[in-house]
1. Determine whether V154 is in a helix (DSSP H, G or I), over 16 Å from L242 (Cβ atoms), without any contact (Cβ under 8 Å) to a residue 60 or more places away in the chain and open to solvent by less than 10 Å² (accessible area, probe 1.4 Å).
2. Which condition breaks for N255 when tested against (1) part of a loop (DSSP other than H, G, I, E, B); (2) touching a Ser or Thr at 6+ places or on another chain (Cβ under 7 Å); (3) open to solvent by less than 20 Å² (accessible area, probe 1.4 Å); (4) not basic (K, R)?
3. I need a count of the residues in the stretch 169-194 that are modelled with pLDDT under 90 and in a loop (DSSP other than H, G, I, E, B).
4. Scan R199, R268 and give me the residue that is at pLDDT below 95, under 23 Å from V163 (Cβ atoms) and open to solvent by 20 Å² or more (accessible area, probe 1.4 Å).
5. I'm trying to understand the selection: among the residues of the stretch 227-245, which are open to solvent by 60 Å² or more (accessible area, probe 1.4 Å) and of a type in the set (F, W, Y)?
6. Go through the residues of the stretch 177-184 one by one and say whether even a single one is open to solvent by less than 10 Å² (accessible area, probe 1.4 Å) and at negative phi.
7. Could you list, in sequence order, the residues of the stretch 273-320 that are modelled with pLDDT of 90 or more and in contact with a Cys (Cβ under 8 Å, 6 or more places away or on another chain)?
8. Please count how many residues of the stretch 264-293 are basic (K, R) and either more than 15 Å from I105 (Cα to Cα) or under 20 Å from the mean Cα position of the chain (by Cα) (or both).
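The values are calculated or read from the model by the stated rules, or taken from the named source; none is laboratory data. A quick note: this is a predicted structure, and the numbers were derived from the prediction, not measured. Glycine gets a Cβ as well: all are built from the backbone with ideal geometry, and neighbour counts include every protein chain shown. In case anyone asks, the SASA skips ligands and DNA or RNA and just uses the protein heavy atoms, side chains included. Shrake-Rupley method; radii C 1.70, N 1.55, O 1.52, S 1.80 Å.
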Amino acid sequence: SSVFSSLGGSAAPPTMGNAGPRTCLRCGAEDLEGEAPGEVPTTLDPDDGSPVSPASPSSSGPSSPGKSDRRAEVALKSVLPSDGNLTVMMFGMTGSGKSSLGNLIAGKEVFVASDDTSSVTNQDSVMRYAADDGSLVLLDTIGLGDTEISQEEVIASIRDVAVSAPCGIDVILFVLRFGRITDDTIARMIYLTDFLWGRECLPNLYTVVTGASRLLNKPAEASEWIEQQAQSNWRFKHIYDLVGNDPRRFIFIDNPDPLSQEPHIEERQAASRSVVLEALVAHPLAGIVPFSHASMRKARELSEAEVRELELRRREVQELEMIDDRSSSSSSASTSDGSKNDPNTSLKKELEIFDDRSSSSSAS
């Protein structure tokens, strides 16, 4: 069976509706997209990747008690509650595997994915997926660093996607390709977290590392790797700081392209999907408020105030430099030989004499 087989749902751009609005049980908003509750969410067997109903962990056939227990445990850990409307937004550099991650979480092909320098996610693409049972809303964004779209358009699109969630955003997934952290990546992260969204988004932030097969389902090795990277790579350390130096907020997945003909694709996707869903289920909704449009507005107001303050300081420095230039010109014009009365000239001569003495002393 295919990993893209279970949740069901509907996809649409942020401004489009589906069968009709449904009231969010968490905040009472009525403009959430999605259809009436449909299929029961399905988890995946940790051994063979086959769908497992949470209501009947052993429904796929006879199995040993140990295997049934593992299936039941996975079912409990990786099933999002119906009508919970957990809202997840994904962002990352172009080619990081962001849209592929969205397809993995949705359990079906929803977003157009490509590992290219130009983002296939654009303003005409599907940006939103809503599970039929109301458990999940996924928001995709245009890739940062896109080579064919201006960065102003990219930032505007990311902002619009963020404000399209009426209840706010519960989880923000920063998608990072294993081994790919550049100065450009960090610069864009700083802009988003400090100026566009503001630091209030950080409790909702997780980092998903794609293409990390050797660290998938290996928490001890993953934690050791994270600590080593944080000590040796300042770029990684910045990202680690953003997630509160918490290794549990790093999610390592191995999500191969279904068309790549690599071995054991379905099993690897199933394992990756379980890891991501477990992290989403474990997110402490009761203790961390959703990131909202109000948070973005506050961040923008603060950044605008900082820009105004910076501009004021810059003007003060320019005025002081002009005063210094005028004083220097006046001093030069008042003497026939500027070097005679320039206090800096005598100081320079004293320093030259001191240097000469030091050189002579060293030579002897």
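1. Working: in a helix (DSSP H, G or I): yes; over 16 Å from L242 (Cβ atoms): yes; without any contact (Cβ under 8 Å) to a residue 60 or more places away in the chain: yes; open to solvent by less than 10 Å² (accessible area, probe 1.4 Å): yes.
It is true that V154 is in a helix (DSSP H, G or I), over 16 Å from L242 (Cβ atoms), without any contact (Cβ under 8 Å) to a residue 60 or more places away in the chain and open to solvent by less than 10 Å² (accessible area, probe 1.4 Å).
2. Result: N255 passes all but (3).
3. Residues in the stretch 169-194 being modelled with pLDDT under 90 and in a loop (DSSP other than H, G, I, E, B): 2 in total.
4. Numbers: R268 fails: under 23 Å from V163 (Cβ atoms).
Exactly one of R199, R268 is at pLDDT below 95, under 23 Å from V163 (Cβ atoms) and open to solvent by 20 Å² or more (accessible area, probe 1.4 Å), namely R199.
5. Hit for the stretch 227-245 is W234, nothing else.
6. Kept after step one, since they are open to solvent by less than 10 Å² (accessible area, probe 1.4 Å), are these residues of the stretch 177-184: none.
No, the stretch 177-184 has no match at all.
7. Selection gives P290 alone.
8. Pass one, the stretch 264-293, residues basic (K, R): 268, 273.
So of that shortlist, the ones also either more than 15 Å from I105 (Cα to Cα) or under 20 Å from the mean Cα position of the chain (by Cα) (or both) come out as 273.
Of the residues in the stretch 264-293, 1 are basic (K, R) and either more than 15 Å from I105 (Cα to Cα) or under 20 Å from the mean Cα position of the chain (by Cα) (or both).
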